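I have placed the structure first, in the form of structure tokens, so that the comments after it can refer back to it.
The values are calculated or read from the model by the stated rules, or taken from the named source; none is laboratory data. Everything numeric in this text was worked out from a predicted model, so none of it was measured. Neighbour counts run over all protein chains shown; Cβ positions are idealised from the backbone, glycine included.
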Amino acid sequence: MYRSCVLFAGALIVALATVACSEADTLGEDPPVEIVIQGEPTWENGIGELVTLKCGYCHAYPKPEVAPNDIVTDLDLTVYDTAIVDGTVIRGADAIGRWIYEGILDQPVTFFDDTSMPRQMPLDYGTQVTEREKAYLEAWSDAGAPRNDQPDPDDGDPENGGQLYVRGCDACHLFGEGFEIDGLVIGPAMRRDAISTAKIKSMWLERIDPTTPLTDGQAADIRAFLLTRVTKNEPSIHP
Amino acid sequence: MTGFRFIIVLLFSLPALAWGDTTFQEQSGRLQAINAYLLDFRPAGAPTKPDKRALELVLDLYPQPSIDTRVGRKDEPIDPPNLVPKFRGRYLLASGLHLGAAYAPGIEFQDYEAEFISLELGYRFTLAKTHFALRASYSDGDVEGPVTEPDVTDLFDFQNQGVDLSVGRIWKDFEYYGFLGVNDIETRLDVEVDGAILRHEEDTYYGGLGVTWRRGALFVNLEQNATDDFLRNLVLSVGYRF
């Protein structure tokens, strides 16, 4: 009996000292996966993959289970285009260039009449954006969050664009530099480089007329108007 | 020998824990898998076929490995229990069939409350002085407590299903064995703070080596478990055979 006990104790000690171990690789210290983009970042050249991977797991439509309860529910970052889905305007990635410009990757940002809490993105428990990816996103935002490297058409009719503009755009973007009431930004200053037909179409659906999307031609007309008639610090923007 | 060799390779030449680029989904999935496998119903006993019908009552002790719970940039000071006890009953028939079960009634322990049931059904047989056991197991339960951050009550739910084959030999008072199996888990983590729901499904291989020391009706078991390449844990058991 005694000998067996000693043998077993010895075997236990040897086992614990040599093979027995208790260890778990949780991936907790692993760096976040990084998307590398060659060339100018556009939605179709890397940004789509990046935004879908690092934002689209929560910001999708319908709201994924993994998303927090208080997330905005009209934002789908797995697609580029803002669109009407199930009768509701669902913003796509063509709507987020402004947030990146306002620094949402560095600090909590609140925007317009958005009902969500000011938040920095990604959230702490999300897949983090690397410094290189942040640079891609900022470059993309600065370029107007383009879908691809095809430039917007320059053949828009500014006269027609002006008429469309006063049907709703000027309610917020009355002044080129933007304005606010009681601390709430109503119409942020327009960034000339970020005026794109995609953004115009997105804003039109979201803020002006969710029942009647703009055609590409109408968006090009508004863009032509904005680029040729609306300039910073100019008090009147009516045609 | 091939099976044993595989186990040896699995246990002793486990690579340095792999490093790579990851996503929060992979991190949270891995954490859920580790928690589920740490509550799994492993053999914790040699496959020796009994001479006659017997009932075993066993206390299994699961020392918990250190767990880095970081997900993304979130690094909260979670302090889970260092040891998880589990009471197991095992009914062995002379034919080689055996039934086993473990149940935790949901007693609060260090801010955590675990309630689960585990079942096993197996068949033991002997060939040329070598003992074999084919076993299927099932575990279902949940853990309430601060899984993602302190002072919250998250809910972790898991279901494990496994099948394994054990092979053992007897030497004096010792019964040595190794086992290899495959496990399927389904987990769900409800995060209290955000209302987020994280689900994870995974199939993985597991294996291990163990030794039972038996003296009369009393026995002690030490089992080294390895789950794929990301979890190694011990199970210490003390039991009595009636």
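Please find, among B:VAL147, B:VAL152, the residue that is at pLDDT below 95 and surrounded by 22 or more Cβ atoms within 10 Å (Cβ to Cβ). Result: B:VAL147 is the single residue among B:VAL147, B:VAL152 that is at pLDDT below 95 and surrounded by 22 or more Cβ atoms within 10 Å (Cβ to Cβ). Of all the residues in the range A:193-214, those that are under 13 Å from A:LEU164 (Cβ atoms), of a type in the set (Val, Ile, Thr) and either surrounded by 20 or more Cβ atoms within 10 Å (Cβ to Cβ) or within 23 Å of the chain's Cα centre (by Cα) (or both) number 3.
Sub-6 Å Cβ pairs linking a first residue in the range B:66-79 that is more than 7 Å from chain A (Cβ to nearest Cβ) and in contact (Cβ under 8 Å) with a residue 12 or more places away in the chain to a second residue that is part of a loop (DSSP other than H, G, I, E, B) and polar (S, T, N, Q), at least 6 apart or interchain, are B:ILE78/B:THR69, ordered by first then second residue. Taking the stated definitions as given, is B:GLY96 surrounded by 15 or more Cβ atoms within 10 Å (Cβ to Cβ) and within 14 Å of another protein chain (Cβ to nearest Cβ)? Taking the combined requirement at face value, the residue does not satisfy it. Of the residues making up the range B:216-230, those that are within 28 Å of B:PRO50 (Cα to Cα) and polar (S, T, N, Q) are B:ASN221, B:GLN224, B:ASN225. Restricting the search to the range B:1-34, which residues are at pLDDT 90 or above and either in contact with a strand residue (DSSP E or B) (Cβ under 6 Å, 6 or more places away or on another chain) or exposed (fewer than 15 other Cβ atoms within 10 Å of the Cβ) (or both)? If the condition is that a residue be at pLDDT 90 or above and either in contact with a strand residue (DSSP E or B) (Cβ under 6 Å, 6 or more places away or on another chain) or exposed (fewer than 15 other Cβ atoms within 10 Å of the Cβ) (or both), then B:ASP21, B:PHE24, B:GLN27, B:SER28, B:GLY29, B:GLN32, B:ALA33, B:ILE34 are the ones that fit. Of everything in the range A:82-109, what is of a type in the set (Asp, Glu) and buried (at least 19 other Cβ atoms within 10 Å of the Cβ)? Give them in sequence order. Hit for the range A:82-109 is A:ASP94, nothing else.
In the range A:66-82, the condition of being over 26 Å from A:PRO146 (Cβ atoms) and either among the small types (Gly, Ala, Ser) or touching a Pro at 6+ places or on another chain (Cβ under 6 Å) (or both) is met by at least one residue. Here is the figure for the range A:20-49: residues that are of a type in the set (A, V, I, L, M, F, W, C), facing another protein chain (nearest Cβ under 7 Å) and part of a loop (DSSP other than H, G, I, E, B) total 4. B:PRO43 satisfies every condition listed in (1) surrounded by 22 or more Cβ atoms within 10 Å (Cβ to Cβ); (2) over 18 Å from the mean Cα position of the chain (by Cα) except (2).
The set of residues from the range B:222-242 being crowded, with 22+ Cβ neighbours inside 10 Å and of a type in the set (Val, Ile, Thr) comprises B:THR227, B:VAL235. Summed over the range A:41-51, the residues that are on the phi < 0 side of the Ramachandran plot and either modelled with pLDDT under 95 or crowded, with 19+ Cβ neighbours inside 10 Å (or both) give a count of 7.
A quick yes/no check of all residues on (1) over 23 Å from A:ASP76 (Cβ atoms); (2) within 14 Å of chain B (Cβ to nearest Cβ):
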position	(1), (2)
A:ARG98	no, no
A:THR127	no, yes
A:THR130	yes, yes
A:ALA135	yes, no
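For the range A:139-158, filtering for residues that are free of Cβ contacts under 8 Å to residues at least 60 places away in the same chain and in contact with a helix residue (DSSP H, G or I) (Cβ under 6 Å, 6 or more places away or on another chain) leaves 2. Regarding the range A:145-155, can at least one residue be identified that is within 13 Å of the chain's Cα centre (by Cα), surrounded by fewer than 21 Cβ atoms within 10 Å (Cβ to Cβ) and at positive phi? No: the range A:145-155 contains no residue that is within 13 Å of the chain's Cα centre (by Cα), surrounded by fewer than 21 Cβ atoms within 10 Å (Cβ to Cβ) and at positive phi. Residues in the range A:55-87 that are closer than 19 Å to B:LEU198 by Cα, in contact (Cβ under 8 Å) with a residue 40 or more places away in the chain and under 10 Å from the mean Cα position of the chain (by Cα): A:CYS55 alone.
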